[in-house]
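Please read the structure below before turning to the comments.
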Amino acid sequence: MSFIVQGKTNWKFLLIVIILAVIVGGGALWCYLRFQEIKFPSIQPEKKVTITTDKIEYEQGELIKITVRNGLDIPILYYDSERFWGIEYLEDEEWKNPEYERGGGFQLTEENINDICYIRLYEIMPPVEMKSYSTLSQQWNQKICPFGEEDPSESRFVKYIGTGRYRLIFYYGFEISDEDPYKISNQKTIYSNEFTIKEKDETADWKTYKNEEYGFEIKYPSTLNYKEKQGGLFGIEFPKLQLGLIIERKPENFINLESYLNTVAKEKNNDCKIEEGDYKRYCYSVESKDFGDNKTFALIYHPLGGNSGAMGCTGIDVYCENGDYLSVASYGYCSVDFDESFSGPGAKVYLENFNTIQQMLSTFRFLK
């Protein structure tokens, strides 16, 4: 068959040739590619230094995994210590450095919460090298030992860093300063991703005391025992914590809770002055307090003088209205107004009991 038939183009023949060419050519190309390694362009990490955390939200006390990566072709210098990073928190849309105990900083620790921690003093070391394309890793339990600028060696209690929004800081550079061998010349600062620390529900596995008659409930640690007692209409007591909760009927002259407590405080303060050697009389004041979900008031009694006025021995009665009744939580003794700089005998127990009381009162609910 020819392309030209009787002086005209043979389009049928031409179409057959084109189709055959496509089939044969495509088959040949497929066979070629079949035996060739198809190479895709590789995705290279960005060449920079980064600091990251493994998550963006944590519960208080949860491990935070911190990673610094040098993605540059050359080594860098950084400050190597127990923590190679700094930290900032967000407040009023401004990033700030956390300050603890009169403007000081903090160290990391593996001790238990509320244990006394003693600040370790370290020798300042010159910057160290971090090789190119290498990483630094650390896991942080969020525990800190605060210290003050005035006396860094003074003992403090182990605590978790507070809840809120944070970011980490990493300082690095390429040369040591000519003026100071312990500093980096032209130091660069980078920041991590932002992350949030939220409060952990420590009461999740607690027991619940519920009273249907007076319409309330409160949670308590499973290790605690309680006993019901006579006091007002009804009462329960947690002896280990010296915490009592009683139900009283409102007095006939009751108008509102704040004015009622101010009247009580005024009457008691008439006998507030003490004589030398007498430690049984107290001065009273009224303050606003939280009682579960309720914004309410408390009657605070402050010991005057002598041993009864020792640190932590203030008492408190928190009142809350419920219909014709008043719920009154009484606690304190040597657990309120506790100063964290105090490290005398029994200090740890006082602090633990005080924290437990606050957690218990936060769970108080009226039954609806």
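Counting only residues that are among the hydrophobic types (A, V, I, L, M, F, W, C) and either part of a loop (DSSP other than H, G, I, E, B) or at pLDDT below 95 (or both), which one in the stretch 70-85 is farthest from the chain's Cα centre (by Cα)? My answer is 74.
For every residue, the table says whether it meets (1) part of a loop (DSSP other than H, G, I, E, B); (2) modelled with pLDDT of 65 or more; (3) of a type in the set (Val, Ile, Thr).
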{"residue": "23", "(1), (2), (3)": "no, yes, yes"}
{"residue": "29", "(1), (2), (3)": "no, no, no"}
{"residue": "32", "(1), (2), (3)": "no, no, no"}
{"residue": "40", "(1), (2), (3)": "yes, no, no"}
{"residue": "47", "(1), (2), (3)": "yes, yes, no"}
{"residue": "52", "(1), (2), (3)": "no, yes, yes"}
{"residue": "55", "(1), (2), (3)": "yes, yes, no"}
{"residue": "61", "(1), (2), (3)": "yes, yes, no"}
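Restricting the search to the stretch 113-146, which residues are part of a loop (DSSP other than H, G, I, E, B) and more than 23 Å from residue 158 (Cβ to Cβ)? Result: 123, 124, 125, 126, 127, 131, 132, 133, 134.
One residue is enough: does the stretch 221-235 have a residue meeting the conditions part of a strand (DSSP E or B), assigned by TED's automatic domain parsing to the domain that holds residue 293 and touching a residue at least 60 places away in the same chain (Cβ under 8 Å)? Yes: the stretch 221-235 contains one or more residues that are part of a strand (DSSP E or B), assigned by TED's automatic domain parsing to the domain that holds residue 293 and touching a residue at least 60 places away in the same chain (Cβ under 8 Å). If only residues of the stretch 193-208 that are of a type outside the set (D, E, K, R) and assigned to a strand (DSSP E or B) are counted, the one that is surrounded by the most Cβ atoms within 10 Å (Cβ to Cβ) is 197. Among residues of the stretch 121-145 that are farther than 14 Å from residue 106 by Cα, those with a beta-carbon under 7 Å from a residue that is among the hydroxyl-bearing types (Ser, Thr, Tyr) and surrounded by fewer than 12 Cβ atoms within 10 Å (Cβ to Cβ) at least six positions away or on a different chain give the pairs 124/182; 126/182. Pairing each residue of the stretch 261-284 that is of a type in the set (S, T, N, Q) with any residue that is modelled with pLDDT of 65 or more and surrounded by 15 or more Cβ atoms within 10 Å (Cβ to Cβ), provided the two are 6+ apart or on different chains, yields C-beta distances under 8 Å for 262/286; 269/283; 269/284. Within the stretch 281-305, the only residue that satisfies the criterion of being among the basic types (Lys, Arg) and at pLDDT below 80 is 281.
Keeping to the stretch 187-205, report how many residues are among the aromatic types (Phe, Trp, Tyr) and modelled with pLDDT under 95. Number satisfying all stated conditions: 0.
Here 184, 119 are screened, and the one residue that is hydrophobic (A, V, I, L, M, F, W, C), within 29 Å of the chain's Cα centre (by Cα) and not assigned by TED's automatic domain parsing to the domain that holds residue 248 is 119. Quick check: is even one residue across the stretch 345-364 at pLDDT 65 or above, in contact with a Lys or Arg (Cβ under 9 Å, 6 or more places away or on another chain) and part of a loop (DSSP other than H, G, I, E, B)? Within the stretch 345-364, one or more residues are at pLDDT 65 or above, in contact with a Lys or Arg (Cβ under 9 Å, 6 or more places away or on another chain) and part of a loop (DSSP other than H, G, I, E, B).
In the stretch 171-186 there is no residue that is under 30 Å from residue 368 (Cα atoms) and at pLDDT 85 or above. Just to check your reading of the model, which residue among 110, 88 is surrounded by 11 or more Cβ atoms within 10 Å (Cβ to Cβ) and either modelled with pLDDT of 70 or more or assigned to a strand (DSSP E or B) (or both)? Just a single option satisfies the conditions, and that option is 88.
The values are calculated or read from the model by the stated rules, or taken from the named source; none is laboratory data. What you see is a predicted model; the values in this text were computed from it and never measured. Using ideal geometry, Cβ is built from the backbone for each residue, glycine included, and neighbour counts are taken over all protein chains shown.
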